Amino acid sequence: MKPVYILSDNIITSLGFSTAGNIESVMHNRIGIKTVDDPLLYPFPIAVSLVDTTQLTIKFDELIDLYKSIMPSNAFTRLEKLFILSIHDALSNRQVNPQDPRTMLVISTTKGNIALLEDRNKMLFGHKRLYLWELARVIQHFFGFVEKPLIISNACISGVVAVMAATRFLQNGLFDNAVVTGGDIASEFVISGFQSFQALSPAPCKPFDLNRTGLSLGEGCGTMILSVKPDNNSKPAIKVAGAATTNDANHISGPSRTGEELSMAINIALRRSNANPSSVQYISAHGTATPFNDEMESKAIGLSEMSHVPVNSMKGYWGHTLGGAGLIESVSAVASMRNDILFRSAGFETPGVSIPLNIITKHQEAEIKMVLKTASGFGGCNAAIIYHKE
């Protein structure tokens with residue numbers, strides 16, 4: 001099949017509005033998770049990672065002027081602004097035209113414009129805006145994409161599955177380019193839901209640590225521009241080598257207790273990449289910092305004979321961004337490959353899983369040619385994807 005290359009990317013989180021800005025913050029060990037006292041989000045102070053609202057407004061107003069949009073800035077929701085800004089930045093200076101019928105749009109999100117359910121937002125936008133297809137239509141029309149967008153909403157593996165789906169469309173010759181974007185926002189609905197599971201940490205999360213007490217929610221957006229045509233002016237070339245999904249059918253919210261099903265996804269992704277465990281130099285784990293997820297992941301990595309491979313979770317920096325996580329963390333993994341740097345796993349101090357892992361405890365230079373990104377989510381879904389630097 002045709003190779004699929006990553007031409008460009010973007011990350012928007014609490015740590016910045018570009019990939020470079022986020023990576024610079026990570027290199028300086030900045031943590032975007034803060035205690036927020038906002039009764040509109042939750043009745044009590046909560047540790048959460050939020051995109052700066054003032055900067056979001058300023059940057060989006062500038063973009064509206066650039067595109068000479070007939071719709072004012074306040075005609076777009078917070079999430080729509082994140083998507084549009086992220087896509088615009090990733091498309092900048094790239095010879096990929098959204099209005100080309102050979103360019104597809106793939107959108108990954110778990111909750112979309114869920115904040116429109118809240119009383120304070122109900123009157124601001126039409127009820128139809130709650131539907132994921134309407135969110136997608138707004139983004140499609142802003143950039144002028146010809147083809148109807150593909151929406152991926154499969155719990156917390158959505159971002160990885162979106163990249164996998166787009167890659168398959170390109171490999172089979174249906175499109176030449178794909179704009180793949182994923183994001184979610186922090187909202188009263190989402191925070192209350194996770195709190196009902198007693199899954200939220202009162203402080204910034206500590207993935208794989210003995211003293212982890214739960215996850216930290218975050219909001220953000222990530223975008224990748226994929227193409228069957230490599231950018232000869234951009235070195236090194238990085239491609240999507242292979243991917244797979246599985247389902248453990250264990251529980252609606254609890255992961256497998258054995259890790260066998262995530263391991264199965266990892267092994268299939270490796271085979272599809274014509275690789276083996278010894279080919280991988282770095283694992284970007286899902287690493288939510290919940291007791292069961294981290295334990296399950298450690299078992300899966302062990303079953304796939306990769307316990308020795310350096311591994312981290314980026315959620316200690318900007319929290320769990322739900323439908324954006326797979327893309328945001330894939331972009332950060334690609335940044336590791338481009339710069340040959342392993343980022344420390346923020347929040348980790350003391351090993352806390354039954355299968356010992358090679359957790360990255362400090363930033364370090366390393367030659368990275370192949371990366372494994374994993375993801376797991378509610379409903380027992382699992383995903384694994386391999387990125388390869390040529």
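Throughout, read-outs are computed from the coordinates displayed, never taken from laboratory work. Note that the structure is a prediction, hence the values are computed from the model and not measured. Because the Cβ atoms are built from the backbone with ideal geometry, glycine has one as well, and the counts that use them run over all protein chains shown.
For Ile355, Ile84, Ile151, the sequence from fewest to most other C-beta atoms within 10 Å is Ile355, Ile151, Ile84. The residues Glu367, Glu62, Glu134, when put in order of fewest to most other Cβ atoms within 10 Å, stand as Glu367, Glu62, Glu134. Answer with a single label: of [x] 29, 55, 15, 0; [y] 31, 61, 8; [z] 28, 61, 11, 0, which was calculated as P(r) over Cα pairs in 20 Å bins from 0, in percent from the structure in view? Among [x] 29, 55, 15, 0; [y] 31, 61, 8; [z] 28, 61, 11, 0, the one derived from this structure is [y]. Couplings 3J(HN,Hα) for the stretch 355-371, derived from phi with the Karplus relation 6.51 cos²θ - 1.76 cosθ + 1.60 (θ = phi - 60°), are 9, x, 10, 8, 5, 6, 9, 8, 4, 8, 6, 6, 6, 10, 10, 9, 10 Hz, where x marks Gly and Pro.
Only helices enter the 222 nm calculation for the chain: every DSSP H run of n ≥ 4 contributes -39,500 (n - 2.57), and dividing by all residues gives -9500 deg cm²/dmol, rounded to 500. Looking at the stretch 4-227 alone, DSSP beta bridges between its own residues are antiparallel in about 60 percent of cases.
With an 8 Å Cα cut-off and a minimum separation of 6 or more residues, compute the relative contact order for the stretch 238-389 in percent. Intermediate results must be reported in sequence, preceding the final value.
Values: 332 pairs, mean separation 58.8, N = 152.
39 percent.
Once the Cα-Cα distance is subtracted from the 0.36 nm per residue extended length, the Gln95 to Lys369 segment shows a gain of 96.1 nm. Among the chymotrypsin sites (Phe, Trp or Tyr not before Pro) in the stretch 305-390, none is located in a DSSP loop while being surrounded by at most 11 other Cβ atoms within 10 Å of its own Cβ.
Taking a virtual spin label 7 Å from the Cα of Leu66 along the C-beta vector, which residues in the stretch 73-114 bring their backbone nitrogen under 17 Å of it? In the stretch 73-114, the label zone of Leu66 (backbone N under 17 Å from the point 7 Å along Cα→Cβ) covers 73, 80-99. Of the beta bridges in the chain, as assigned by DSSP with both residues counted there, near 65 percent are antiparallel. About the centre of its Cα atoms, the chain shows a dipole size close to 640 debye [charges on the beta carbon of Lys, Arg (+1) and Asp, Glu (-1) only; nearest 20 debye].
Summary value for the stretch 1-95: 29 percent relative contact order, contacts being C-alpha pairs under 8 angstrom separated by 6+ residues. DSSP beta bridges fully contained in the stretch 232-390 are about 75 percent antiparallel. Remark on the stretch 238-389: Rg and Dmax equal 13.8, 40 Å (Cα only). Farthest toward the positive end of the dipole of the chain, out of Ser86, Ala178, Gly377, is the Cα of Ala178, where the dipole comes from beta carbon charges about the Cα centre. Listed from fewest to most Cβ neighbours within 10 Å, the set Leu117, Leu170 follows the order Leu117, Leu170.
Under Stokes-Einstein, with the Kirkwood radius over Cα pairs standing in for Rh, what whole-number D in µm²/s applies to the stretch 4-227 at 4 °C and 1.567 mPa s?
D = 71 µm²/s.
Dividing the mean sequence gap of close Cα pairs (under 8 Å, 6+ apart) by how many residues the stretch 4-227 holds gives a relative contact order of 31 percent.
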